[in-house]
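Would you mind keeping the following structure in view while I ask a few things?
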Amino acid sequence: MNIKELYKLYQQHPCITTDSRNCPEGSIFLALKGASFNGNDYAVSALEKGCSYAIIDEEPRELGKLGKLGKLILVDDCLQTYKDLAREHRRQFDIPVIGITGTNGKTTTKELIRAVLSECYNVMATEGNFNNDVGVPKTLFRLNEEHDIAVVEMGASHPGDIKTLVETAEPTCGLITNVGRAHLLGFGSFEGVCKTKGELYDFFRAHECPVFINRDNEHLMKMTDGLADIYYYGQSDNTDILIHGEVISCAPFLKFRWRDQDHDAGYTSEWMEVQTHLIGAYNLDNMLAAITIGYVNNIPFEQINHALENYVPSNNRSQMTVTEHNHLVVDAYNANPTSMKAAIDNFKLMEVSPKMAVIGKMGELGDVSEEEHQKVVDMLADARFDKVWLVGDEYAATNRTALTAQLFHDVEEVKAAIASEQPQGYYILIKGSNSNKLFELPDLL
């Protein structure tokens, strides 16, 4: 059975489940594999629970009566079939599809773009961080006739990941937020990061799609050759920038101003100020990306500003949380050298006191792990925060002669220290990779 035939079957049963514990009546079960499971083993069970068909790439251990009745569809590779079906579904909709990738800021940028476009359009956007080779197809299957535009986030940890995802989502335009030293264990080098993220640009070159680029990012600017239609945004005074912005303050929330620029007529609007609910001057680039996409899609200025001023972050990304005892700057979802530097630099600039930093380890850095964790220690020493807690054995090997800090093996030791010391009256930066589980700390502080 080819993809078009499978898609016709999907149209008759428009619900695909990959979880045998969730089998709506009449749905199609698709057997995916993971490190500790094989969906093929649950195909017959899914049929018994209510699925009309099960797509498999191995015969299940027990075929069962339902299997013998032709309810099992054998394919070469279930994951590839999932992506191919999702692409076929995406092709049913002649709407703009905005593709987003990048080392840092892609989820925040995606949410800001969704907020801005939702002022005038019905927007389908990636939920949470469903941005991998399972999450992107899952996202695309949410498309329906009510949607005017889609925003699809794409993540990567190995070479070729973005190429696979763009060939599934087939975006009509998009952006790379930035490129940084992350997932180096998978990419092999920073050059590997650039090449993989640049696979989005490769797709846009081949299909002559519009691209939105941060004019101030030297790494992205080196990757622009051959792109057909570029909309620049940034903080510099380059005359080819369409949307220009500047930080006004971070006390502690980002306040900025922006204006548009016609390449022939110069600046065509007065400065407009926006007070956000986001922590960090580094979020200005994310804001400008959303403004530029809103501008190109004819969202009125007032509605762009309304969307940005009312956006409140969640999921431990650039959040300010006020508790009974402290003010918390929570950015505990992800951490790599680029985002760690941005978080520490921003916290250093915040006009508040006293300051405490709870800094977790960074994962997947391979051979440069020791070097990058030393850089974090050096940045913290230079920042001179009132109290520093370092979480993770990686920091034990660093030279901390210039930094007064407490070392913790893991988050459980941090919890014990909080119970014992009961920090109060601090502005506290909580930053680390998700594996540190520092997201468990805000309720204790």
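The values are calculated or read from the model by the stated rules, or taken from the named source; none is laboratory data. Because the structure is predicted, anything quoted here is derived from the model rather than measured. Every residue, glycine as well, gets a Cβ built from its backbone with ideal geometry; the counts of neighbours run over all protein chains shown. Only protein heavy atoms, including side chains, enter the accessible area calculation; ligands, DNA and RNA are left aside. Shrake-Rupley method; radii C 1.70, N 1.55, O 1.52, S 1.80 Å.
Provide Cys120, Cys209 ordered by accessible surface of protein heavy atoms (probe 1.4 Å), highest first.
Cys120, Cys209
Another one. Over the stretch 266-360, with the other protein chains present, what is the accessible area per residue in square angstrom, probe 1.4 angstrom?
39
Based on a Kirkwood Rh over C-alpha pairs, give the Stokes-Einstein translational diffusion coefficient of the stretch 272-389 at 37 °C and viscosity 0.692 mPa s in µm²/s.
So the translational diffusion coefficient is about 203 µm²/s.
Then there is this: If you take the charge dipole of the chain about its Cα centre, with +1 on Lys and Arg Cβ and -1 on Asp and Glu Cβ, which of Thr401, Asn104, Ile430 is farthest toward its positive end?
Farthest along the dipole direction, towards plus: Ile430.
Quick one: order Tyr233, Tyr311 from most to least accessible surface, probe 1.4 Å.
Tyr311, Tyr233
Still on this structure, please answer the following. Given a 1.4 Å probe and heavy atoms of the protein chains only, how would you sort Thr268, Thr18, largest accessible area at the top?
Accessible-area ranking of Thr268, Thr18, largest first: Thr268, Thr18.
Could you work out Rg/(2.2 N^0.38 Å) for the stretch 320-445, with Rg from alpha carbons only?
Expressed relative to 2.2 N^0.38 Å, the Cα Rg reads 0.96.
What list of ³J(HN,Hα) values in whole Hz, one per residue of the stretch 285-296 in order, does the Karplus curve 6.51 cos²θ - 1.76 cosθ + 1.60 (θ = phi - 60°) give from phi, with Gly and Pro shown as x?
Listing the rounded values in order: 4, 5, 4, 5, 4, 5, 4, 4, 5, x, 4, 5 Hz.
Still on this structure: Starting from a Cα-only point model with no solvent, please compute log10 I(q)/I(0) by Debye for the stretch 303-369 at q = 0.19, 0.22, 0.23 1/Å.
-0.91, -1.09, -1.14
Further question on the same structure: Tell me what the chain gives for mean residue ellipticity at 222 nm when only DSSP H runs of n ≥ 4 count, each as -39,500 (n - 2.57), the sum divided by the residue total, rounded to 500 deg cm²/dmol.
After summing the helix terms and dividing by residue count, I get -9500 deg cm²/dmol.
Based on the alpha-carbon gyration tensor of the stretch 268-324, what equivalent-ellipsoid semi-axes (square roots of 5 times the eigenvalues) come out, in whole Å, largest first?
24, 11, 11
So, with a 1.4 angstrom probe, what is the percent of accessible area on the chain that is carbon and sulfur?
Accessible surface attributable to carbon and sulfur in the chain totals 45 percent.
Could you identify which residue out of Glu246, Glu324, Glu370 has the top mean-square fluctuation in a GNM of the chain using Cα springs shorter than 10 Å?
Comparing Glu246, Glu324, Glu370 in the GNM, the peak value goes to Glu324.
Still on this structure, I have one more. Could you report the stretch 197-237's accessible area per residue, 1.4 Å probe, as an integer in Å²?
That works out to 46 Å² for each residue.
Further question on the same structure: Order 347-356, 97-106, 135-144 from most to least packed using the mean count of other Cβ atoms within 10 Å.
97-106, 135-144, 347-356
Ser45 accessible area, nearest 10 Å², 1.4 Å probe?
40
So, one more: Put one equal scatterer on each alpha carbon of the chain, apply the Debye formula with no solvent term, and list log10 I(q)/I(0) at q = 0.09, 0.13 1/Å to two decimals.
-0.66, -1.20
Which of rounded, prolate or oblate describes the stretch 23-181 when judged by the alpha-carbon gyration tensor and an a/c cut-off of 1.5?
It comes out prolate by the Cα gyration axes.
In addition: Charges only on Cβ, +1 for Lys and Arg, -1 for Asp and Glu: so what's the dipole of the stretch 1-110 about the Cα centre, in debye to the nearest 20?
With Lys and Arg at +1 and Asp and Glu at -1, about 340 debye.
Please go through the residue pairs Lys106/Lys195; Lys387/Lys437; Lys33/Lys415; Lys110/Lys387 and name each one whose alpha carbons sit more than 29 Å apart in this structure.
Lys33/Lys415; Lys110/Lys387
Can you give the accessible area of Trp271 in Å² (nearest 10), computed on protein heavy atoms with a 1.4 Å probe?
Solvent-accessible area, nearest 10 Å²: 70 Å².
I would also like to ask the following. Can you compute the equivalent ellipsoid semi-axes for the stretch 400-445, i.e. the square root of 5 times each eigenvalue of the Cα gyration tensor, sorted largest first and rounded to whole Å?
17, 15, 12
Here's a follow-up. Can you give the convex hull volume of the alpha carbon atoms of the stretch 331-374 per residue, in Å³?
Given the Cα convex hull of the stretch 331-374, per-residue volume reads 75 Å³.
Taking the Cα centre of the chain as origin and charging only Cβ (+1 Lys, Arg; -1 Asp, Glu), how large is the dipole, in debye to the nearest 20?
Dipole size: approximately 720 debye.
Using a 1.4 Å probe on the protein heavy atoms only, what accessible surface does Leu380 show? Give it in Å² to the nearest 10.
My reading of the accessible area for Leu380 is about 0 Å².
Follow-up. Note down the Stokes-Einstein diffusion coefficient of the stretch 10-103 in µm²/s, whole number, using a Kirkwood radius over alpha carbon pairs, 10 °C, and 1.306 mPa s.
112
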